[in-house]
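All remarks here apply to the structure that follows.
The values are calculated or read from the model by the stated rules, or taken from the named source; none is laboratory data. Keep in mind that this is a model prediction, so the values were computed, not measured. All Cβ positions, even for glycine, are placed from backbone atoms using ideal geometry, and neighbour counts span all protein chains on display. Ligands, DNA and RNA are stripped out before the accessible areas are found, and what is left, the full protein with its side chains, is counted by its heavy atoms. Shrake-Rupley method; radii C 1.70, N 1.55, O 1.52, S 1.80 Å.
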Amino acid sequence: MLLGLVSAKGSPGVTTAALALAAASQDGLLIELDPSGGSIECWTGVTGEPGLPRVASGLRRSAGPAAVVEHVRHVPAGVRSILAPTAGPYAESTVAMTRDRLAPGLSDLDGVTAVLDGGRWSRSQPTAHRVSACDLVAVVCTPTIHGVEAARWLVEPLRAEVAGQVVALVVGERPYPAEEVGAALGVPVAGSLAWDPRGVSTLLTRGTGRGWERSSLGRSARTVLATLEALVPTAEAVGRAG
């Protein structure tokens, strides 16, 4: 499954959601594709050259999976990740370099759930194509009037841009339940990720161990991931019909 996560202005939580879903999958691979810059390097304190520039360079020579997997790091512990540069201009140019070459390389990775952290998305961005080839693109939003209204303006532009299906992913459970958010947006809803700062901290500092698995975020991420996987056949059918 190739899953893209994006958000509208004022809807935080895309990187946390992407990280949680990658950690919840036994075969998960997190790829930072936010043109405003990656976050995980800062969160975890890791050092060294981020992998995404090398992936982008490798994809110019070959679209095969080797151009992707050789630059994977286990950051946080237990999460296979390809990190983006933290500086916005460098990150944006790197994401632009991947063009339409990343998806073929990922699709050849058998059994891998690739989660693309697309960050804040707009159709007017030069890098708007970064999630176009995904099986599913989830709009991450908070269950508030402001969050839903911001997300609503992304749905139709995304439908016109992406090959797969657009769905909603809610972070938190109040004041409106996920079902009402999905109904307001007019898209299927993958459920709610728990708002769990302690769970995030556990994942970042201790990795995908028992503490993470037992956290509210870890449990909700497994539930959401199962829902997303069930939506993939529908998404593929939508892409073929289009």
TODO: Filter region 164-196 down to residues that are in contact with a Leu (Cβ under 9 Å, 6 or more places away or on another chain) and open to solvent by 50 Å² or more (accessible area, probe 1.4 Å), then give me how many there are.
DONE: 1
- [ ] Please go through region 152-163 and pick out each residue that is open to solvent by less than 10 Å² (accessible area, probe 1.4 Å) and modelled with pLDDT under 95.
- [x] none
TODO: Looking only at region 126-136, decide whether some residue is open to solvent by less than 10 Å² (accessible area, probe 1.4 Å) and more than 24 Å from E41 (Cα to Cα).
DONE: yes
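Residues that are charged (D, E, K, R): find the helices (runs of 4 or more DSSP H) completely inside region 1-115 holding 3 or more of those. Working first, answer last.
On the way: elements: 14-24, 40-44, 51-59, 66-69, 88-98, 102-107.
No helices (runs of 4 or more DSSP H) qualify here.
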TODO: Just one of (1) open to solvent by 60 Å² or more (accessible area, probe 1.4 Å); (2) more than 16 Å from the chain's Cα centre (by Cα); (3) of a type in the set (D, E, K, R) trips up E229, so point out which.
DONE: (2)
Open item on the list: Suppose we filter region 182-217 for residues that are under 16 Å from the mean Cα position of the chain (by Cα) and farther than 14 Å from V171 by Cβ; how many remain?
Closed with: 0
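Out of T144, T202, which single residue is open to solvent by 10 Å² or more (accessible area, probe 1.4 Å), under 18 Å from A24 (Cβ atoms), out of contact with any Lys or Arg (no Cβ under 7 Å at 6 or more places or on another chain) and among the hydroxyl-bearing types (S, T, Y)?
Answer to the check: T202.
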Open item on the list: Checking A96 against (1) farther than 18 Å from I31 by Cβ; (2) of a type in the set (A, V, I, L, M, F, W, C); (3) open to solvent by 10 Å² or more (accessible area, probe 1.4 Å), only one condition comes out false. Which one?
Closed with: (1)
Open item on the list: Looking at region 14-38 only, could you name the residues that are open to solvent by 10 Å² or more (accessible area, probe 1.4 Å) and within 17 Å of T202 (Cβ to Cβ)?
Closed with: T15, T16, A23, A24
